[in-house]
Amino acid sequence: MKSKELRAKRAKLIEDARALANGETMTAEQASQFDAMMAEAEQMMGHITRIEQSENATKTLAEGIAARAEDGGVSPDQQESEEKQQVRVFSSWLRGGIEALHGADRTLAINRVMASQQSFKNDGSMGTSTPAGGGFLVPPAFSDQLLVALKAYFTGLDEFDDITTGTGADLPWPTNDDTSRRAKIVGENTQIGQSGMNFGNSTLKVFLYATDAILVPWTLMQDSFIDLDSYIRTCLGTCFGRTLADHLTTGTGDGMPLGVLTAAAAGPTSKAAGISYDDLQELIYSVDRAYRSGAKFMCNDETTKQFALLKDTIGRPLWVPSLTSGVPDTLCGYPVVPNDSMPDPTAGATPLLFGNLKNYKFRTTKAVSIVRLNERYADALQTGYFGYARFGGGLPTAGQPLKKLVMSAAAPAEPTGG
């Protein structure tokens, strides 16, 4: 089934769920049916997302090749040919290490290992050592596909401003909040006043992340049918994705990135235990108009489920499921970004974020490397692999472009309409 058909089916399912709650009260059976239907809608959204990401992956990879060809001053065909060689060498290296390669392929592999070691030498923030065995700097196509895998696991990455640097050195970032600056009426022949722009400075750091070892039995590696690089890429995407989802959402900034929810300013406090129409309006208008352009909500599925019953003051649903590929659901007219690392809407929690998420900076370096552990697991007839890379994140701004709803400390209650 195509994503468009699934979206229509999901919208109908949500509409039927709402119909169960049209009365003033819900029976236990109706409540159970409602929960089951909303859970199915959530599962369908996951399936829709995977289908659409698969459809977009080929286009994204082709665009990456074209961009790298332009940067290198070669034709897209030549760039694609060179990258195919890199992929072939990488796949052979995964299966047999350097010893399995000969001639030009062996030279290419050795050069990439040396490039990986060089890229992780001391740049002001990292140590000088590299893991035993030498990391293999992965081909560009693998890096692109790994990023796709990361975004498939943590959709919030698509919403942040992605900054890529060649090294992991601290990145100074100027900050300025000019929303209060105004012009003045002046008299004729009167000298104008002056005021500085009051720039501040913030620093975007990156942190070295490494996955646990991925163990592959030798018998499986000897079977030609297994797509080993795809298997490892999926494992790395899941490992990095899980951690980044948490750190880029709720990270403290102490020895880890400062998460978007942590960095966001506290907005209004909900008037009751549930999220109401009034709460949403208070949150929206707590963000300065200058920062509301391109604004979106971010929350987890448990919070999203509460929106299914919310209506405005004239009875219109506030949450509108999307029927179009690439277009998210909306709440009060603003897109909703799912993020399972956001907290549930419990007493005192901050389950809902609002603002233009591009103000949050997700920082990566160009170097993503994989280490092949040749001997460590040999007695179990296995080879281990682990990946390491550098990621960071922060909200370097003097303004308050993102606000979070603070839940009342009252006891939990059902969500209320407007």
Relative to the Cα centre, what is the charge dipole magnitude of the chain, using +1 at the beta carbon of each Lys and Arg, -1 at the beta carbon of each Asp and Glu, and rounding to the nearest 20 debye? 640 debye
Shape call for the stretch 41-111, from the Cα gyration tensor axes a ≥ b ≥ c (a/c under 1.5 means rounded, otherwise prolate when a/b beats b/c, else oblate), comes out oblate
Need one number: % antiparallel among DSSP beta bridges in the stretch 218-375, to the nearest 5. 75 percent
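Given the chain, what percent of its DSSP beta bridges are antiparallel, to the nearest 5? Could the numbers behind the result be given before it?
On the way: 39 of 50 bridges.
So the antiparallel bridges in the chain amount to around 80 percent.
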Of THR60, MET26, GLN43, farthest towards positive along the dipole that unit charges on Lys, Arg, Asp, Glu beta carbons give the stretch 24-108: THR60
Take the alpha carbon gyration tensor of the chain, find the square roots of its eigenvalues, order them as a ≥ b ≥ c, and report rounded if a/c is under 1.5; if not, report prolate when a/b exceeds b/c, else oblate. oblate
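Excluding ARG316 itself, calculate the net charge of residues whose Cβ lies under 14 Å from the Cβ of ARG316, where each Lys or Arg counts +1 and each Asp or Glu counts -1. Please report the intermediate quantities before stating the final value.
Working: positive: ARG18, LYS311; negative: GLU15, ASP312.
In short, 0.
Of PHE354, PHE142, how do they rank once you tally other Cβ atoms within 10 Å and put the fewest first? Show your work: numbers first, answer last.
On the way: PHE354 28, PHE142 23.
Ascending number of Cβ neighbours within 10 Å: PHE142, PHE354.
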Order of ILE65, ILE110 - criterion: other Cβ atoms within 10 Å of each residue's Cβ, fewest first: ILE110, ILE65
Crossing angle, helix 140-153 versus the chain [Cα axis fit, 0-90 degrees, rounded to tens]: 30 degrees
Rounded tilt (10° steps) of 76-96 against the dominant C-alpha axis of the chain: 70 degrees
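Which ordering of VAL74, VAL260 is given by a fewest-first count of other beta-carbon atoms within 10 Å?
Values: VAL74 14, VAL260 30.
Neighbour counts put them in this order, fewest first: VAL74, VAL260.
Read the figures in this text as sums done on the coordinates, not as results from a lab. What you see is a predicted model; the values in this text were computed from it and never measured. Note that each Cβ is placed from the backbone with ideal geometry, even for glycine, and that neighbours are counted across all protein chains shown.
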